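Reading through the structure tokens given below for one structure.
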Amino acid sequence: MSAEPTEAEALAWWETLPPEVRGRVDGLVLRFRPVTAMKVLLDEGRASHGIGLRQAEAIVGARCAHYGDRVDDPAKRPLDPQEAARRAAAVPEPVLAVEAVWDGDTVQDWFVDLLAVGETRDHRLLTVYRANGARYLGADGPAGVPVADPADARPSAAAAADRLGRELAAALGVPFHFAAPDRPDDRAPRWQRPAAAGDEG
């Protein structure tokens with residue numbers, strides 16, 4: 001297996017790309033759409049510039065580092081309980097429960113979606129990441145770096161989602177469900193909507 005591409009190699013590949021491709025990639029990076037940016041690099045650069053998945057990852061990582069705080073990373077946005085409550089109030093059907101559900105990807109690792117469970121479908125209220133969860137819990141270390149809350153051994157995303165979810169559910173007068181509050185599990189049992197009248201079995 002070859003070594004990970006270096007930053008210098010990523011920069012060299014970047015410089016070989018046409019300006020219009022670089023512009024598209026940078027636009028996606030600034031909007032924090034790294035997977036889409038990598039797809040553009042693969043689509044545009046695989047045949048003409050020999051860019052494969054590892055090179056695309058290295059280039060996008062280098063561009064994210066280049067722009068730093070200008071990247072609109074959702075994990076850096078503060079959690080807004082009032083906005084979540086407004087979204088819950090705007091759900092166009094009765095809300096039966098508030099549920100916390102694990103999800104994850106290769107960019108953000110594990111995170112928790114807080115959902116309003118409606119009669120027919122789920123409505124996302126907010127997403128809790130490790131970083132914004134730690135900040136919400138007041139568990140920042142020196143220079144604002146998130147650290148684990150010593151009073152709670154759970155991942156910060158889980159602890160923050162649990163607190164927020166319980167508060168939202170109480171405000172709405174509905175149950176709160178979090179099947180895996182202690183560790184990431186995207187296959188944990190979901191909250192079950194009550195069977196409609198006549199749906200026995």
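A short reminder: the numbers here are calculations on the coordinates, not readings from a lab. Keep in mind the model is a prediction, meaning the values are calculated, not measured. Here the Cβ is made from the backbone with ideal geometry for all residues, glycine too, and neighbour counts use every protein chain on show.
The H on the amide N of L126, modeled in the peptide plane, is under 5 Å from the matching H of L114, each at least 5 residues off or on a different chain. The mean sequence distance of close C-alpha pairs (under 8 Å, at least 6 residues apart), as a share of the length of the chain, puts its relative contact order at 16 percent.
List the relative contact order of region 7-70 as a percent without decimals, with contacts defined as Cα pairs under 8 Å and 6+ residues apart. So the answer I get is 41 percent. For the chain, the 222 nm mean residue ellipticity estimated from helices alone, with every DSSP H stretch of n ≥ 4 adding -39500 (n - 2.57) and the total spread over all residues, rounds to -13500 deg cm²/dmol.
In this structure the amide hydrogen of R77, modeled in the peptide plane, comes within under 5 Å of no amide hydrogen from residues 5 or more places off or on another chain. Annotation: the residues R183, R130, sorted from fewest to most other C-beta atoms within 10 Å of their own C-beta, follow the order R183, R130. Going from the residue with the fewest nearby Cβ atoms within 10 Å to the one with the most, R124, R33 rank R124, R33.
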